[in-house]
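Okay, so here's the structure we're looking at.
Bear in mind that the values in this text are calculations on the coordinates, not laboratory data. Since the structure is predicted, the reported quantities are computational estimates derived from the model, not experimental observations. In this analysis, Cβ positions are derived from the backbone assuming ideal geometry, glycine residues included, and neighbour counts consider all displayed protein chains.
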Amino acid sequence: MKYPLSPDVKPEFCTTGSFMRLPATHPKAKLAIVGMPFDTAASFRVGARFAPQAIRQSSMTLFPYHPTHSVYPFTDTNAIDVGDVPVIPHNIHRSYDLMEGSVLSLMNQGIVPIGLGGDHSITLASLRAAAKVYGPVAMIHFDSHTDTWDTYYDEKYWHGSPFIRAHEEGLLIPEKVFQLGIRGTLNHPGDLEASYDLGYNVVTTPEIRQRGFNRILQHMREVIGDTPCFLTFDIDFVDPSCAPGTGTLEVGGFSSLETLEMVRSLTGFNYIGFDLVEVLPPYDPTQITSLLAATLVHDFASLVALNLKDK
């Protein structure tokens, strides 16, 4: 059987609550879905704590085969869904410890995690775990914001600061960090300069449209090479016409089709982890945001399956 639980066995709406009804364990697992429902580091809208289950629910409409990459991503990786990390809503540091521990356990077993956020603060926990296993890593970051702002109301840990904190902690190789799709209004010009000063590669939405993603991808491949790489995807990279269910909307983004084409082109990187963040189900009444998120997770899994296939 090419799928953990086929719709021929049980209808899609009869769900176990896991992503595409994946099992919780498998002795040969190489990929794991893990929910990280922490959202109290958000600065505006909250509700991303409900995203892991919404994304899982939307995944029920997906099919097991990925025609672009010619893989069965969840079968080929013996994928599992380990459920949600029991975060503590009012304590980011204890939540970081819990999330880091969960990701570290998976990575130590040679399993690639795909985290379902949660707001973007959660990525710091995964990067801490990755650095303990692989040392400083490369990062591909899809977002409309750089998330390198230092403080918010004098608080250093919030969803706008994970990548300045990651730099301070030595978790990333700065010259191998690519922040893609940055756009929107700013508080002041220094909002972008902060990322440049850290040594990150910032590629704005206008630059992607002017240069074309293939040229940017070629440069990314040259710079990152086979360095262990973490991919983090903030759903607000996508235009709100296609992904309205998010916390900090920025108009003028990419369509879902353009987004999928970009992500599906990201073959050949040495992926050691992924996450997808900032989906807010309360603002997603028709579930188009969570469906796009689930489809992107399917794409991430396909990139892992391709890497296994090439070994």
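Viscosity 1.306 mPa s, temperature 10 °C: give me the Stokes-Einstein translational D for the chain in µm²/s, with Rh taken as the Kirkwood radius over C-alpha pairs.
On the way: Rh = 19.1 Å.
After rounding, the answer is 83 µm²/s.
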So how far, in whole Å, is the C-alpha centre of region 60-88 from the one of region 158-196? 29
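What shape does region 241-285 take by its C-alpha gyration tensor, where a ≥ b ≥ c are the square roots of the eigenvalues and a/c under 1.5 counts as rounded, a/b above b/c as prolate, and the rest as oblate? Present the calculation step by step, with values, prior to reporting the outcome.
Numbers: a/c = 2.86, a/b = 1.62, b/c = 1.76.
Oblate, because a/c is 1.5 or more while a/b does not exceed b/c.
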Assuming R0 = 41 Å, what is the FRET efficiency of LEU308 and SER43, from their Cβ-Cβ distance, to the nearest 0.05? 0.60
Based on the Cβ-Cβ distance from SER241 to TYR157, what FRET efficiency comes out when R0 is 35 Å, to the nearest 0.05? 0.65
Name the most mobile residue of LEU276, LEU266, LEU292, meaning the one with the largest mean-square fluctuation, in a Gaussian network model of the chain with Cα contacts below 10 Å. LEU266
Percent antiparallel among DSSP beta bridges confined to region 1-158, rounded to 5, stands at 20
Within region 271-302, which residues have the backbone N less than 14 Å from the label spot 7 Å out from PHE13 along Cα→beta-carbon, could you tell me? none
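Would region 27-108 count as rounded, prolate or oblate if I go by the C-alpha gyration tensor, calling it rounded below 1.5 in a/c and otherwise prolate when a/b exceeds b/c, oblate otherwise?
Details: a/c = 3.04, a/b = 1.56, b/c = 1.95.
Here region 27-108 falls in the oblate category.
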Run through the DSSP bridge list for region 19-310 and note the antiparallel percent, rounded to the nearest 5. 10
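Between ASP150 and HIS219, take the C-beta separation as r, use R0 = 35 Å, and let me know the FRET efficiency to the nearest 0.05.
Details: r = 28 Å, r/R0 = 0.80.
My answer for the efficiency is 0.80.
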Would any residue of region 252-290 have its amide N under 14 Å from a label point 7 Å out along Cα→Cβ of VAL133? List them or say none. 270-275
Here, LEU257 and LEU192, labelled 7 Å along Cα→Cβ, have an inter-label distance in nm of 2.8
